[in-house]
Amino acid sequence: MNHPPHAKFLQVLAVCLLVGGALASGHSAALTVPTPNILDTASPNAAEVSKLFWLVMGFSIFVMAIVVAFMVAGIVGGIRDRNHDEEPPQTHGNLKLELAWTIIPMVILAILLIPTLRAIFILDGFAAPENAIEVNVVGRQFWWEMTYRDSGVITANEVVAPVGTPVKLNLASADTMHSFWIPQVAGKTDLIPGNQRTLWFTPDREGVFYGQCAEICGDSHANMRLRLVALSPEKYETWLAAAQQPAKPPQAELAVAGSQLFIDKGCVNCHAVQGVNTYNRTGPDLSHIGSRTSIAAGILPNTRENMIRWLRYTDTVKPGVAMPNLGLSQEEAESLTAYLETLTLPGFDIERAFGDAPTKAASTQAAPPTPQPNDTLEKRVENPR
Ligand code: HEC
Ligand SMILES: [Cu+2]
């Protein structure tokens, strides 16, 4: 023990921290979608969970402070005492100590049980209020289908809801297990094949709140994202009325050609557009895709460049996707995109209604680079903004 290993250890630690920090920051800088902050809540249900989090956190910090204090005292004492070679006093079988470290944690956990049970009853114990807007949500590999019970409006990957009114979601799965999770409004609820679960919450402010499938469900599990778009009641009414109207037929030559390709290339076999064909649940309803904030289940902002990339490189952008790569040329993808861009909600501008939604921001016409299968997701879906 002539060379204490401290110096070496500290060096290694410093290098690890530096490299780790660099990797972590480089990684998050490239992410397309902001990471939702669980503690920045947007519904009373989520606020209840976050209150509980802070309470448990408070207790944990308190316990940790005590443990660390004892540990530091032990280390300091040990260092001071290091010239003494004799064995320390043995305390094996100390009844008082053992009782103390059994009873104190039991008491702490018993105290924490009270607010936990209270939160569970608040969140799960009550049926959704009568005036709730009911939406059927079906999880599919790897996207979400939303059908509004009363109006029959069908959409995908985005729940649009008014602030101040409860939203009740009936959750089901068409294939394997998924889990519905929009952290800022509610906890996770699993979607189980052959079983219907419900989840409800009341958005308490306007905003776009990001969510994610929270149950591993296949190759693109991590690419199965979703959004809650919470609008003021007036904007919501406008949205709901618009969503029941078909989009205006295309006028420009390129878009008209695209609408023909939409039929010729077989897109209509899987996708429905109001006024063109009926919905058959194979692929997302595209009636108002031009007004959606995202494509491919929340992984790409809905820009022209991203749409072309998606149509041409579907399976590289989203591994395991149920939409085949149809081998479209750049020209075909451009004219299909021109058509899809015309499929907007009549009389409703999501960008005006919701200024900071990451929607069709600046988009360029430049041909995107071909994504490679082993690119990182960030690289595959690079945000053109
Ligand atoms: C075999 C069925 C099938 C065919 C054919 C097909 N798609 Fe798809 N499409 C899907 C599925 C399934 C998804 C959902 C993929 C996902 O996000 O996991 C999808 C997603 C999309 C999306 C994104 C929708 C959203 O809300 O995120 C667009 C746009 C789209 N397809 C356009 C097309 C066009 C244009 C064609 C024809 C060139 C086409 N699709 C052909 C099945 C199909
Ligand atoms: Cu899933």
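With respect to the numbered conditions (1) outside any strand (DSSP E or B); (2) under 21 Å from Pro284 (Cβ atoms), which one is the sole condition not fulfilled by Phe209?
Phe209 satisfies all of (1) outside any strand (DSSP E or B); (2) under 21 Å from Pro284 (Cβ atoms) except (1).
Looking at segment 223-270 only, could you name the residues that are of a type in the set (D, E, K, R) and closer than 20 Å to Val137 by Cα?
First, the residues of segment 223-270 that are of a type in the set (D, E, K, R): 225, 227, 234-235, 237, 248, 253, 264-265.
Passing the criteria: Arg225, Arg227.
Can you tell me which residue among Leu10, Leu31, Leu39 is surrounded by 10 or more Cβ atoms within 10 Å (Cβ to Cβ) and either more than 25 Å from Gly187 (Cβ to Cβ) or at pLDDT 90 or above (or both)? Before you say what the answer is, go through the steps one by one.
Values: Leu31 fails: either more than 25 Å from Gly187 (Cβ to Cβ) or at pLDDT 90 or above (or both); Leu39 fails: either more than 25 Å from Gly187 (Cβ to Cβ) or at pLDDT 90 or above (or both).
Checking each option against the conditions leaves just Leu10.
Please indicate, with yes or no, whether at least one residue in segment 147-167 is away from ligand 1 (no atom under 16 Å from the Cβ) and closer than 24 Å to Asp219 by Cβ.
There is no residue in segment 147-167 that is away from ligand 1 (no atom under 16 Å from the Cβ) and closer than 24 Å to Asp219 by Cβ.
Given the condition surrounded by 14 or more Cβ atoms within 10 Å (Cβ to Cβ) and within 20 Å of the chain's Cα centre (by Cα), answer yes or no: does some residue in segment 112-121 qualify?
No - not one qualifying residue is present in segment 112-121.
Can you name every residue in segment 209-236 that is in contact (Cβ under 8 Å) with a residue 60 or more places away in the chain, over 17 Å from Ala47 (Cα atoms) and more than 11 Å from ligand 2 (Cβ to nearest atom)?
Arg227, Val229, Leu231, Ser232, Pro233, Lys235, Tyr236, listed by residue number.
Working only within segment 191-232, note down all residues that are within 16 Å of ligand 1 (Cβ to nearest atom) and in contact with a helix residue (DSSP H, G or I) (Cβ under 8 Å, 6 or more places away or on another chain). If you could, list the steps in order and put the result at the bottom.
Narrowing segment 191-232 to residues within 16 Å of ligand 1 (Cβ to nearest atom): 191, 208, 210-213, 215-229.
Matches in segment 191-232: Gln212, Cys213, Glu215, Ala222, Asn223, Val229.
Go through (1) assigned to a loop (DSSP other than H, G, I, E, B); (2) farther than 23 Å from Arg227 by Cβ for Asp285 and report which single condition fails.
Result: Asp285 fails condition (2) only.
Scanning for something at pLDDT 95 or above and within 13 Å of ligand 1 (Cβ to nearest atom), does segment 248-256 turn up at least one residue?
Checked against the condition, which is being at pLDDT 95 or above and within 13 Å of ligand 1 (Cβ to nearest atom), segment 248-256 yields at least one hit.
Could you check, for segment 322-334, whether at least one of its residues is of a type in the set (A, V, I, L, M, F, W, C), free of Cβ contacts under 8 Å to residues at least 40 places away in the same chain and assigned to a helix (DSSP H, G or I)?
In the first step, residues of segment 322-334 are kept if they are of a type in the set (A, V, I, L, M, F, W, C); the result is 322-323, 326, 328, 333.
After this cut, where a residue has to be free of Cβ contacts under 8 Å to residues at least 40 places away in the same chain as well, the list is 333.
Checking which are assigned to a helix (DSSP H, G or I) leaves us with 333.
Looking for residues that are of a type in the set (A, V, I, L, M, F, W, C), free of Cβ contacts under 8 Å to residues at least 40 places away in the same chain and assigned to a helix (DSSP H, G or I), one finds at least one in segment 322-334, hence yes.
Looking only at segment 233-247, decide whether some residue is away from ligand 1 (no atom under 15 Å from the Cβ) and among the basic types (Lys, Arg). Spell out how you get there, then give the answer.
As a first pass, look at segment 233-247 and keep what is away from ligand 1 (no atom under 15 Å from the Cβ): 233-242, 244-246.
Imposing the further condition that a residue be among the basic types (Lys, Arg) reduces the set to 235.
Yes - at least one qualifying residue is present in segment 233-247.
The values are calculated or read from the model by the stated rules, or taken from the named source; none is laboratory data. Quick caveat, the model's predicted, so the values are computed rather than measured. Heads up, the Cβs are rebuilt from the backbone with ideal geometry, glycines too, and the neighbour counts pull from every protein chain shown.
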